[in-house]
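Peer 1: If you scroll down you'll find the structure; I have some questions about it.
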Amino acid sequence: MKRDLEGFAAFEFDLPKALRAALIQLLDGMNTGMLDKNLTHAIPDEQGIYQLFYDGVLAYIGKTDAESGLRTRLSRHMHKLMHRPNLLGKVAFKAVHILVFTAMDLETQLIKHYREHGEVAWNGSGFGSNDPGRRRETTNMKPDGFDASHPISIDLPLEQPLASGTILVVDALNHLKTSLPYTLRYETLRDKKGNAQRGKAHADLLVASITAPSTPQTTRVLMQLIVDAVGPSWQATVFPSHVILYKEQFEYKFGARI
C-alpha cells in the first residue's frame, strides 16, 4: 500500500495468487478418499477442483462446472478405470467445491504448481481423452501416455452382461458400446463421399445374431461370438485403449486380433 495524496491510498492485492495458495494449502491438508461408488455418489454435483492419486502419488488435476459437476466427473473417471487391472483399488481422490469461480484458470495454475514437484503425470497423457479414431489405428501409431501404462483388459466379467438367449449382433454391440468403460467402435454404412454414417450399422450386423451365454460374459467371449456370427471377412481387434470391429483383414502393429 502506498499513499500518494493526503486522504488517498492505492492498494494492490494479488487475488489469483492468494486464492491459489489457499487452495493448495487446503488440498495438501486433506485426506484422500478411494475412487469407488460409495464415496463418489455422495459427493455433491457442484463446480470445483479435484485431484486423482495413483498409488498415493498425485496423478491428475481437473476442474468441473455447474453442468458437469464433481460427482459426474469423478463417476466418469471411476467408470473409465474399471477394466484397467493395474489401477483397480489404487486410485483415490480429493475434491473441493468452490462456491464462486473467478475468471482465472485455477486448473492450469494448480497443474503448473504440482508439475514443478514432479507430479500430475496423467495431465497431458491422454487420460480423459475421447476415441483415438481410425487414423491412429490404420497408420499404426504407437500408443503412449496413460493408455500405454494402464491398458484395458477384455477378459474381466462385464458389470452389465447381456441377457442370456438369442440377440441380434447390432443390439449386442449397442449394449456393449453404452456399458463398457472403454470405447467400442464398429463399422457403419458410408455416404457417397466415403464418410462413416454414425448410428447406421453395416448391413451384416443387422441380420446376424448370437446366443449370449449364461456363464460370466467378457468382451473377448462376446466379440468372438460376434465375429463367428458375421463371418470370416470380419475382424475384431483390441488396443490398449479400445476395441474395434470392422469388415477387414488387417494386422495392426499395436493391436491384437480377438
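Peer 1: Taking segment 50-75 only, how many residues are in contact (Cβ under 8 Å) with a residue 40 or more places away in the chain and either of a type in the set (Val, Ile, Thr) or closer than 20 Å to ALA148 by Cα (or both)?
Peer 2: Counting residues in segment 50-75 that are in contact (Cβ under 8 Å) with a residue 40 or more places away in the chain and either of a type in the set (Val, Ile, Thr) or closer than 20 Å to ALA148 by Cα (or both) gives 8.
Peer 1: Consider PHE13 carefully, then state whether it is touching a Ser or Thr at 6+ places or on another chain (Cβ under 9 Å) and of a type in the set (Phe, Trp, Tyr).
Peer 2: It is false that PHE13 is touching a Ser or Thr at 6+ places or on another chain (Cβ under 9 Å) and of a type in the set (Phe, Trp, Tyr).
Peer 1: Across segment 54-64, what is the total count of residues that are in a strand (DSSP E or B) and more than 18 Å from the chain's Cα centre (by Cα)?
Peer 2: Counting residues in segment 54-64 that are in a strand (DSSP E or B) and more than 18 Å from the chain's Cα centre (by Cα) gives 1.
Peer 1: Further question on the same structure: Going through segment 1-53 one residue at a time, which ones are in a strand (DSSP E or B) and at pLDDT 90 or above?
Peer 2: GLY33, MET34, GLY48, ILE49, TYR50, GLN51, LEU52, PHE53 - these are the residues of segment 1-53 that are in a strand (DSSP E or B) and at pLDDT 90 or above.
Peer 1: Given the conditions (1) among the acidic types (Asp, Glu); (2) modelled with pLDDT of 90 or more; (3) closer than 21 Å to LYS80 by Cα, which single one is not true for ASP144?
Peer 2: (2)
Peer 1: Filter segment 67-121 for residues that are open to solvent by less than 60 Å² (accessible area, probe 1.4 Å), farther than 21 Å from ASP45 by Cα, modelled with pLDDT of 90 or more and not in a helix (DSSP H, G or I) and give the result.
Peer 2: HIS83, ARG84, GLU119, VAL120
Each row is one residue, and each column tells you yes or no for (1) surrounded by fewer than 18 Cβ atoms within 10 Å (Cβ to Cβ); (2) assigned to a loop (DSSP other than H, G, I, E, B); (3) of a type outside the set (Ser, Thr, Tyr).
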residue: ARG134; (1), (2), (3): yes, no, yes
residue: GLU137; (1), (2), (3): no, no, yes
residue: ALA148; (1), (2), (3): yes, no, yes
residue: SER153; (1), (2), (3): yes, yes, no
residue: GLU159; (1), (2), (3): yes, yes, yes
residue: ALA163; (1), (2), (3): yes, yes, yes
residue: ASP171; (1), (2), (3): yes, no, yes
residue: LEU176; (1), (2), (3): no, no, yes
residue: ARG185; (1), (2), (3): no, no, yes
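Peer 1: Also: Looking at segment 85-97, which of its residues are touching a residue at least 60 places away in the same chain (Cβ under 8 Å) and farther than 14 Å from ASP36 by Cα?
Peer 2: Within segment 85-97, PRO85, ASN86, VAL96 meet the criteria.
Peer 1: Among the residues of segment 200-220, what is the count of those that are closer than 12 Å to VAL170 by Cα and open to solvent by 20 Å² or more (accessible area, probe 1.4 Å)?
Peer 2: The total comes to 7.
Residue-wise test of (1) in a helix (DSSP H, G or I); (2) among the aliphatic types (A, V, I, L, M); (3) closer than 14 Å to THR183 by Cα; (4) open to solvent by 10 Å² or more (accessible area, probe 1.4 Å).
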site	(1), (2), (3), (4)
LEU222	yes, yes, no, no
ILE226	yes, yes, no, no
ALA229	yes, yes, no, yes
ALA236	no, yes, yes, no
PRO240	no, no, yes, yes
ILE244	no, yes, yes, no
TYR252	no, no, no, yes
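The values are calculated or read from the model by the stated rules, or taken from the named source; none is laboratory data. All figures in this text were calculated on a predicted structure; none of them were measured in a lab. Heads up, the Cβs are rebuilt from the backbone with ideal geometry, glycines too, and the neighbour counts pull from every protein chain shown. Side chains included, ligands, DNA and RNA excluded: accessible areas come from the protein's heavy atoms. Shrake-Rupley method; radii C 1.70, N 1.55, O 1.52, S 1.80 Å.
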